[in-house]
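Asker: The structure that follows is given in the form of structure tokens.
What follows is calculated from the coordinates using simple rules that are stated; it is not laboratory data. Keep in mind that what you see is a predicted model, and the values were worked out from it rather than measured. Methodologically, a virtual Cβ is constructed for each residue, glycine included, from the backbone with ideal geometry; neighbour enumeration extends over all protein chains shown.
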Amino acid sequence: MIDVRNVTKRYGAGQGIHDIHVRIAKGRITSLIGPNGAGKSTLLSIMSRLLPMDAGEVSIDGLNVVQTDSERLARTVSILKQTNDINVRLTIQQLVEFGRFPHSRGRLTSEDKQQVEEAIQYMELEPLRNQYLDKLSGGQRQRAFIAMVLAQNTEYILLDEPLNNLDMKHSVQIMKVLRRLTDELGRTVVLVLHDINFASCYSDAIVAMKEGRIVREGPTNEMIDSAVLKGVYDMDIPIHLIDGNKICVYFS
Amino acid sequence: MRDHWKLLLLAALALGLTAVFLTIDASGDWDYVLPRRARKIGAIALTGAAIAYSTVVFQTLTNNKILTPSLIGLDSLYLLLHTVIIFVFGSSAFTAIGKHEQFALSVILMVAFSGLLFRMLFRIQGRYLYFLLLVGIVCGTFFSSISSFLQMLLDPNDFLLVQDKMFASFNNVNSDILLMAALISIAAVSVFYREFKYLDVIALGREHAVNLGVPYDRTVRRMLICVAVLVATSTALVGPITFLGLLVANVAYRVVGTYRHSTVLPAAILISVASLIGGQLVVERIFTFSTSLSVILNFIGGGYFLILMLKEDKT
Amino acid sequence: MKLAYLWIAFLALSIVSLFVGVTDLRPWDLFSMTEQQMQVMLVSRIPRLVSIWLAGIGMSVAGLLMQQLARNKFVSPSTAGTTDAASLGALLSILLVPNAPPLMKIAIAFVFALIGTYAFMRILDRIQYREPILIALIGLMFGSVIGAVTTFLALKYDLLNSINSWLNGDFSVVLKGRYETLYLSVPVIAIAYLFANRFTIAGMGEHFATNLGLHYRRVVSIGLVIVALVSSVVLLTIGSLPFLGLIITNLVSLYRGDDLKSSLPHTALLGAVFVLGCDIIGRIAIFPYEIPIGLTVGVLGSAIFLYLLLRRPSYA
């Protein structure tokens with residue numbers, strides 16, 4: 001369980017996040033949704049210790065993210081931000097191998113190699129594995145970074161807009177991979193999503209944010225509701241049931 | 001595995017050049033020639049290694065292959081120190097103040113200066129490393145303004161002494177000081193040896209490094225101290241060589257074609273030592289000492305930097 | 001800050017400047033000047049005042065133009081290779097045509113400054129890095145590369161000391177008959193003022209400028225010529241004034257914004273006021289001796305620049 005208590009982070013005038021309180025259940029996919037500037041990425045960065053907070057506490061499986069040794073945390077939680085420019089020239093294979101660093105400190109054991117192999121297969125990157133990242137398309141690169149996170153093999157996986165840059169096919173592919181990780185391996189996934197239909201179709205719970213605060217949280221079924229979404233986005237969003245999925249039609 | 005061969009080849013090149021350097025034109029006068037040349041080789045190897053190591057590490061920390069730590073104003077500080085000594089005490093006292101004291105004073109002053117810079121700037125979040133460089137350069141201009149004013153007031157003989165200090169020279173290295181410098185450099189590298197394994201990951205940038213469990217801020221801080229000590233020591237030993245590091249780090253990356261520091265660092269060190277020995281041979285045998293090695297190196301290194309800049313693709 | 005205050009400071013400091021010096025001269029002496037006082041006034045004090053104005057205005061306007069065109073607040077003639085290239089040109093002019101008249105030397109320095117500035121802009125165009133501070137670093141490194149060439153040549157021909165003292169900013173060498181080349185910068189600055197709007201638009205980028213029907217390349221070229229010309233004239237007549245083009249513009253943009261038309265007069269006046277102030281400090285501090293302007297501007301300029309940097313870490 002990820003336990004966020006009274007977390008506050010201030011930027012400039014009125015921005016940032018204020019007194020956030022939320023618990024994220026284990027073994028589920030939880031989506032963070034909300035309009036631009038709601039503080040979703042900030043919250044995710046704080047949960048993953050990338051960003052220091054001004055007040056409050058976050059613990060993951062009882063490990064306080066500020067006090068716990070960073071290396072210990074890296075075996076429990078992984079984070080992938082939306083922009084991943086790196087200045088080092090690496091192949092996909094080499095990048096994914098970095099995911100094993102918290103376990104092996106750079107000396108790969110046969111178990112590490114197997115994990116890397118699986119991550120590459122999961123993301124269907126075998127044909128590209130020896131290509132350099134700077135020669136890939138945005139979508140391929142994004143999949144490579146997700147593969148690295150998979151190789152890290154952590155209980156908790158935090159992703160900041162992982163579907164950025166991806167076409168429909170690969171977006172669906174990644175959501176299905178995340179689904180399998182939770183259903184088969186019991187992993188916990190927290191992700192920031194912009195398209196609420198992806199949140200609706202693939203996540204178990206939704207946390208909705210607005211202006212640095214949590215507006216509402218709950219199971220997906222309760223959250224995908226015209227009244228709730230109206231409170232989050234200030235839009236009238238009709239919802240239709242198609243093949244058992246709730247689809248938001250926000251093109252008015 | 002091919003990288004191992006490349007490293008061996010580079011090592012052979014460096015050793016070969018060393019052998020040539022030690023034996024060329026010795027005309028049987030071994031007792032006189034060998035110790036002097038060995039001392040020179042020692043200074044060259046130490047400086048070359050320190051510059052290569054500090055630049056490669058610095059580029060990893062800044063996530064940027066076109067920077068070098070010599071930029072933070074240490075060269076100007078070194079020159080200012082010597083200008084002030086000559087200005088205040090005159091040339092006679094300059095030679096009277098022991099070389100040991102001068103060396104120690106330079107090292108202490110430069111490490112203190114970089115320490116101060118780092119301390120001041122570690123309170124600031126964000127892109128502090130570029131920022132640090134800029135502040136260093138501004139301080140450098142500050143120092144050189146004062147130096148050049150003092151230099152204008154010096155009489156021509158004293159100015160010649162200052163002029164000597166403007167350029168790195170391997171010709172008059174004292175063996176005690178060489179030993180001292182070697183000990184300091186080895187200490188700096190070994191104290192922070194435990195951070196070495198994080199370098200590959202730090203090259204990915206802060207966020208990835210933190211995600212992968214690297215104690216990022218601590219490691220960067222420690223490695224910066226190491227870099228500062230190495231640059232200060234090598235500058236105090238032979239004088240400023242601004243662009244050598246830039247040259248050898250980039251050539252090293254090109255030669256070995258890997259990102260792994262365990263390969264890139266030795267390659268950079270070997271290339272650095274080999275080019276210093278080769279350069280010194282050229283200066284001594286072809287130019288017969290009429291120009292300074294550091295001037296040639298700045299010239300080549302700077303030119304390479306320009307080519308690097310102009311070839312850089314916009315992505 | 002009102003322009004009027006700057007004018008007041010400008011006039012006050014100008015008057016002070018006229019009456020500071022070894023030869024005793026008081027404002028009330030004006031109407032009963034001795035032959036000798038008259039001489040001092042005409043040969044030394046007034047030329048000095050005028051050259052301070054021109055150098056201060058010229059370098060800050062050049063800095064402003066350059067920052068507009070490079071779209072970067074950390075770029076200025078002394079941080080982007082212009083001054084270094086001009087120094088190289090100056091050195092070559094001594095080496096190749098030692099007896100050439102000053103104008104010839106300026107022309108050579110100008111050609112080098114223009115090439116250097118153009119090369120830097122070209123680097124800017126092609127480089128993938130966008131962080132403003134990094135671009136400033138690249139400019140400074142570019143400058144030191146050119147500086148290395150100058151040093152190499154100066155060392156070889158034993159000119160290091162003389163070129164250093166020649167190019168170190170110093171107004172005490174200004175006498176009637178030895179500063180007039182500075183007037184070259186007057187028409188150039190006037191052009192800068194006339195074209196101000198176009199430079200503002202060009203500063204918003206090539207696409208933006210083209211969209212507004214501006215001949216982008218031509219405007220940029222004119223800007224670079226102005227920058228190179230002013231820099232080399234000031235460098236060869238007075239010497240280098242480190243960071244002047246950088247701090248003045250940054251101070252002005254803090255309270256005035258970046259529209260060239262409205263910030264140009266402020267920049268020009270503040271530049272003159274700053275150099276006047278530095279010059280007076282340098283003349284009073286160790287009276288009857290004098291601290292050269294290069295040092296006062298270098299020291300005060302670095303201090304102000306550091307302050308600007310530290311005040312706003314994310315400054316850019």
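Asker: Classify the range A:90-196 as rounded, prolate or oblate, taking a ≥ b ≥ c as the square roots of the eigenvalues of its Cα gyration tensor: rounded when a/c is under 1.5, otherwise prolate if a/b is larger than b/c and oblate if not. Please report the intermediate quantities before stating the final value.
Answerer: Values: a/c = 1.88, a/b = 1.19, b/c = 1.58.
Oblate, because a/c is 1.5 or more while a/b does not exceed b/c.
Asker: Another question, then. Please go through the residue pairs A:K9/A:K246; A:K9/B:K197; B:K65/B:K197; C:K105/C:K176; B:K197/C:K73 and name each one whose alpha carbons sit more than 27 Å apart in this structure.
Answerer: A:K9/A:K246; A:K9/B:K197; B:K197/C:K73
Asker: Turning to a different aspect of this structure: Taking the Cα centroid of the range C:1-69 and of the range C:143-162, what is the distance between the two, rounded to the nearest whole Å?
Answerer: 33 Å
Asker: Can you return the aspartates and glutamates within cross-link range of A:K81? Criterion is Cα-Cα under 12 Å, with same-chain partners fewer than 8 residues away left out.
Answerer: A:D160, A:E161, B:E207
Asker: Using all alpha carbons of the range A:84-153, what is the percent of pairwise distances in each 5 Å bin, ordered from the shortest bin to the longest?
Answerer: 3, 21, 33, 24, 15, 4, 0
Asker: While we're here: If the viscosity is 1.567 mPa s and the temperature 4 °C, what translational diffusion coefficient in µm²/s does Stokes-Einstein give for chain C when Rh comes from Kirkwood over Cα pairs? Provide the component values of the computation, followed by the final result.
Answerer: Working: Rh = 20.0 Å.
In µm²/s, the coefficient is 65.
Asker: What size of dipole, in debye to the nearest 20, comes out for chain C about its Cα centre when the only charges are +1 on Lys and Arg C-beta atoms and -1 on Asp and Glu C-beta atoms?
Answerer: Result for chain C is approximately 660 debye, rounded to the nearest 20.
Asker: Which residue fluctuates most in the GNM of chain C (Cα springs below 10 Å): C:D279, C:D125, C:D170?
Answerer: For chain C, modelled as a Gaussian network with Cα springs under 10 Å, the answer is C:D125.
Asker: Given the rule -39500 (n - 2.57) for each run of at least 4 DSSP H residues, summed and divided by the residues of chain A, what is its mean residue ellipticity at 222 nm, to the nearest 500 deg cm²/dmol? All intermediate terms of the calculation are to be shown ahead of the outcome.
Answerer: Values: 10 runs with 89 residues, N = 252.
Mean residue ellipticity, 222 nm, calculated: -10000 deg cm²/dmol.
Asker: Which of the three applies to the protein assembly as shown, rounded, prolate or oblate, going by the alpha-carbon gyration tensor with a ≥ b ≥ c and a/c under 1.5 meaning rounded?
Answerer: Verdict is oblate for the protein assembly as shown.
Asker: Straight-line reach from B:K165: which lysines have a Cα under 21 Å away, not including same-chain ones fewer than 8 places off?
Answerer: The qualifying lysines are B:K40, B:K99, C:K156.
Asker: Continuing with this model, one more query. Within the set of other residues whose C-beta is less than 11 Å from the C-beta of A:Q93, count the net charge using Lys and Arg as +1 and Asp and Glu as -1.
Answerer: -1
Asker: Tell me, what ³J(HN,Hα) does each residue in the range B:214-229 have, in order and in whole Hz, if you take phi through Karplus 6.51 cos²θ - 1.76 cosθ + 1.60 with θ = phi - 60° and put x for Gly and Pro?
Answerer: Using θ = phi - 60°, the values come out as 7, x, 4, 4, 4, 5, 4, 4, 5, 5, 5, 4, 4, 4, 4, 5 Hz.
Asker: Over the residues of chain B, compute the C-alpha Rg and express it relative to 2.2 N^0.38 Å.
Answerer: Values: Rg = 19.7 Å, N = 315, 2.2 N^0.38 = 19.6 Å.
Its radius of gyration relative to the 2.2 N^0.38 Å reference: 1.01.
Asker: Please give the charge dipole size of the protein assembly as shown, origin at the Cα centre, charges +1 on K and R Cβ atoms and -1 on D and E Cβ atoms. Round to the nearest 20 debye.
Answerer: Using Cβ point charges on Lys, Arg, Asp and Glu, the protein assembly as shown gives about 420 debye.
Asker: Under a Cβ-Cβ cut-off of 12 Å, what is the net charge of the residues other than A:D183 that fall near it, where Lys and Arg count +1 and Asp and Glu count -1? The partial results should precede the final answer.
Answerer: Values: positive: A:R28, A:K176, A:R179, A:R180, A:R187; negative: A:E184, A:D204.
Local net charge: +3.
Asker: Now for a separate question. Could you work out which residue, out of C:L300, C:L155, C:L246, moves most in a Gaussian network model of chain C, that is, has the largest mean-square fluctuation with Cα springs under 10 Å?
Answerer: Of C:L300, C:L155, C:L246, the Gaussian network model singles out C:L155 as fluctuating most.
Asker: With angles folded into 0 to 90 degrees, how steeply does helix C:132-156 sit against the dominant principal axis of chain C? Use alpha carbons for both and round to 10.
Answerer: So the helix axis and the longest Cα principal axis differ by about 60 degrees.
Asker: Still on this structure, I have one more. Identify which of C:A109, C:A285, C:A70 has the largest mean-square fluctuation in a Gaussian network model of chain C, with springs joining Cα atoms closer than 10 Å.
Answerer: Of C:A109, C:A285, C:A70, the Gaussian network model singles out C:A285 as fluctuating most.
Asker: Sticking with this one: Considering the options A:Q82, A:L193, B:S175, tell which one lies farthest towards the positive end of the dipole of the protein assembly as shown, charges being +1 on Lys and Arg and -1 on Asp and Glu at the Cβ, about the Cα centre.
Answerer: Going by the charge dipole, the pick is A:L193.
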